[in-house]
Amino acid sequence: MTMNRKKFFLFARLMCILLFSCTTAACEGKIPAIEEPPVPVDKSTGKMNPTIVSPLYPTEDVVIAEIDVVRDGYAVDPTGLSDSTAGIQKALDDVAAAGGGTVWMPAGIYAVSRTVKIPAFVTLRGDWQDPDKGNKYGTVVSVWMEPEDAGSAGVFELGGSGGVVGMTVYYPYQSIADVKPYSFAFYTKGQGVDYMLSTVKNVTVLNGYRGIGAGVNETTAHEQLTVENFKGTFLYCGAEVYNQADVGTWEEVSISPKYWEKALKSKTLKSHAKTEQPKAKEIAEYVKEHAVGLKLGDLEWTEFGALHVDGCKIGIEIMPGKRIQFAGSVYDAEIVNCETGMIVHEIDERWGMVVARSTFENGIYNEVFGDVKMCDVKTTGTIEGFVFSPETPVNLKKYAVDYQRTYKKPKAKLYLLDDGINKDEDTAESIQALLDAAGKTGGVVYIPAGHYRLDRPLTVPAGVELRGASSVATRDQSGMSAGTVFECYYGDDENNGIADPAFITLDGNCAGINGIRIIYPENSPLNENLDTTYAVRGRGKGVYAVNCSISAAAYGVDFRDCDEHYIKKVTACCYYNTYLLGGKKGVLSGCLQNGTVIYRTAGEGLVNWPSGDIWEQLFDPITRKKTQYIIVDGAVDQRIYNTFIYGCANMIVNRNSTGTLAVNIGSDNIGDEAAQLVMESGSMAAINVMRYNGYSYDYKGGELELYNRITILDPNEETVILP
């Protein structure tokens with residue numbers, strides 16, 4: 001039999017199978033043909049109904065959603081038997097029209113036939129089972145899309161201050177025998193209101209071709225892409241990202257053939273598979289021959305923690321950039337069982353990248369003159385090019401980062417602010433009344449999307465969370481200011497200062513704020529007097545601030561004497577001090593300060609707001625001279641990681657504090673005569689330290705250890721151990 005006759009009979013057999021499948025789908029309950037999937041009836045009203053959701057699987061927070069696509073009658077089918085694309089998109093658009101918030105997709109299988117656009121300030125959220133803990137998966141998006149071998153949006157296109165949280169993506173038509181080159185499961189173009197701060201969190205891609213993408217086909221940049229708990233099997237690449245301006249953060253990424261291998265055992269997914277399922281050995285062989293874990297292009301200062309890449313052709317591939325070249329930091333990477341550990345095709349030759357406390361098997365190849373600077377990195381195989389380790393081996397075992405650390409979530413009891421409140425008048429009394437009521441029981445006081453005027457301070461009782469509409473990190477987006485915004489008219493008079501009560505006081509153990517942006521509309525950097533109180537102050541153990549933003553305050557967050565405090569994903573621009581930290585075992589991670597937070601703030605009530613030269617108006621006269629970003633004062637075992645500043649005087653001041661640890665930190669355009677780190681007393685270690693301008697440290701006393709420092713135009717900074 002000739003090859004052509006073989007192909008003919010195989011084709012004929014395939015057509016018979018497809019015909020049989022289509023004609024028996026109704027009686028056997030199988031998914032209809034991808035070309036003409038039915039669409040459920042839409043019974044939605046578009047009305048927002050913020051409620052607490054009870055997921056099947058654990059979450060770090062209390063889940064609150066404006067819309068539940070099933071409960072609220074959207075055109076979705078959680079059995080996966082018909083096309084849910086239109087219903088999901090309508091729910092997202094309805095929440096966007098209401099000002100932002102969260103759409104909930106309960107556990108089930110949802111067929112999607114075209115790209116779902118996540119609007120700015122909106123989060124699509126599902127019920128996620130960690131694939132390393134089970135294979136029921138929760139909320140599964142079943143991709144019925146036609147494969148397109150393109151670097152563009154496939155399943156989800158991400159909006160600024162929005163994201164996808166808690167999803168498992170499955171391709172029922174994917175096959176090892178006939179690999180389909182799908183576009184990216186998650187993609188950001190980085191344009192307009194989608195430019196900044198998109199999030200992919202707690203997601204799994206079971207049998208993908210491309211995972212996360214950014215700027216692959218576009219010439220425009222993006223900023224602050226946030227990736228947390230991203231896991232999956234990929235046949236081409238786990239991620240391919242380019243042209244990032246401000247700093248992104250990636251934590252707990254796991255790329256391995258094991259996720260598709262494990263999915264083969266899922267009875268639910270087996271019933272939805274549209275092709276013959278491969279054997280585990282076939283998956284592993286294909287991934288090892290073809291897949292790249294991470295393809296990283298021109299990312300500025302991006303910070304990576306806890307990367308695991310297993311069984312790929314290349315673990316990490318540093319690619320030529322579109323605007324600049326890669327420069328970033330990697331901590332706790334485990335690149336194992338790949339044909340090649342890392343290849344560097346292009347890197348910023350003024351300095352390079354830093355890697356610490358990691359493992360790279362099967363070689364590191366640097367083809368250019370920028371440095372790959374390593375500390376406590378275990379390697380096997382060939383090391384070629386500019387790859388440097390300390391002459392004296394360093395053991396960083398004791399400098400561990402707990403990526404699972406979080407805050408204690410409040411009781412799942414909702415106190416909802418009346419949507420009919422006049423937001424243009426002082427809303428402090430109404431919000432405080434809810435906070436006081438919640439203080440008697442514990443719970444969440446939820447403030448739906450909108451701009452709220454507040455003329456008086458707020459007090460959040462112990463065990464209460466003051467929550468805004470965002471489920472992910474949030475900031476104003478290039479003139480768009482949706483979500484929950486507090487316009488603060490308290491605490492910026494001439495006589496106010498750091499000793500006065502803060503705008504928001506977290507008054508007791510485990511009190512917190514989440515998903516809120518704070519703006520001082522009358523405290524422009526053009527004003528003569530910039531003094532304010534602290535925006536947030538903690539008084540208790542376990543206080544927290546997550547997914548928030550602070551614009552134009554003199555002082556940001558005061559968590560002195562607050563044991564086990566927790567700050568994550570807070571974006572800010574404060575004039576004098578952004579964080580004042582103390583107590584035992586506090587954590588600050590994923591935070592960023594940049595003057596653009598002020599210049600991109602939007603709203604009708606802004607007074608004398610700047611729009612001119614940011615250097616002349618803000619950086620040179622104010623922040624590069626006066627801003628001490630983080631002051632660690634009287635702390636024990638403070639942890640700071642994946643954190644960045646632009647245009648400040650000092651990044652960290654350590655005062656009377658012991659056991660301070662800073663990992664993956666960067667500062668750009670600090671003052672010419674300013675120190676990145678100021679060591680006054682106590683003890684501090686900093687690892688993977690990146691800097692431009694100023695100088696590295698100002699040592700006044702105590703114990704200081706600096707490992708793996710790198711500076712633009714001076715990549716050879718040595719280890720420092722003082723005294």
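Only the coordinates and a few stated rules stand behind these numbers; no lab work does. From a predicted model like this one, the values you see are computed outputs, not experimental measurements. Glycine gets a Cβ as well: all are built from the backbone with ideal geometry, and neighbour counts include every protein chain shown.
Here are a few things to note about the model shown:
- As an equivalent ellipsoid, the range 414-648 spans semi-axes of 25, 22, 15 angstrom, where each value is the square root of five times an eigenvalue of the C-alpha gyration tensor, largest first.
- Think of the chain as a dipole: +1 on every Lys or Arg Cβ, -1 on every Asp or Glu Cβ, centred on the Cα centre; then among 328, 417, 308, 308 lies furthest on the positive end.
- Rounded tilt (10° steps) of 428-439 against the dominant C-alpha axis of the chain: 70 degrees
- Backbone N within the range 106-129 under 19 Å of label point (7 Å from residue 270 Cα along the Cβ vector): 109
- Taking a ≥ b ≥ c as the square roots of the eigenvalues of the alpha carbon gyration tensor, the range 616-686 is prolate, as a/c is not under 1.5 and a/b beats b/c.
- Over the chain, relative contact order from alpha-carbon pairs under 8 Å, at least 6 apart, %: 7 percent
- Label point 7 Å beyond Cα of residue 584 along Cβ direction - residues of the range 537-556 with amide nitrogen under 20 Å: 538-544
- Members of 262/408; 231/295; 43/189 lying beyond 24 Å, as alpha-carbon distances in this model show: 262/408; 43/189
- Ordering 108, 207, 182 by Cα displacement along the dipole of the range 49-220 toward the positive end leaves 207 in first place; charges were set at the Cβ atoms of Lys, Arg (+1) and Asp, Glu (-1).
- Ordered by the number of other Cβ atoms lying within 10 Å of each residue's own Cβ, fewest first, 565, 451, 222 fall into the sequence 451, 222, 565.
- Under a model in which nothing but the beta-carbon of Lys, Arg (+1) and Asp, Glu (-1) is charged, the range 485-569 shows a dipole of about 560 debye around its Cα centre.
- Extending 7 Å from the Cα toward the beta-carbon at both residue 672 and residue 412 defines two label points whose distance is 5.8 nm.
- Quarter of the Cα convex hull surface for the chain, i.e. its orientation-mean projected area (nm²): 31.0 nm²
- Only the Cβ atoms of Lys and Arg (+1) and of Asp and Glu (-1) were treated as charged; on that basis the dipole of the chain about its Cα centre amounts to roughly 2740 debye.
- A convex hull fitted to the Cα coordinates of the range 49-220 yields 109 cubic angstrom per residue.
- Relative to its Kirkwood radius, the Cα radius of gyration of the range 531-665 gives an Rg/Rh of 0.98.
- For residue 411, the aspartates and glutamates whose Cα falls under 14 Å of its own Cα, not counting residues fewer than eight places away in the same chain, are 60, 61, 465.
- Normalised per residue, the volume of the convex hull around the Cα set of the range 600-723 (Å³): 120 Å³
- The order of 230, 121, 388, going from fewest to most other C-beta atoms within 10 Å of their C-beta, is 388, 230, 121.
- Cleavage-rule hits, trypsin sites (Lys or Arg not before Pro), the range 133-211, DSSP coil, Cβ neighbours within 10 Å at most 14: 133
- Cβ-to-Cβ counts within 10 Å put 551, 681 in ascending order as 681, 551, the fewest first.
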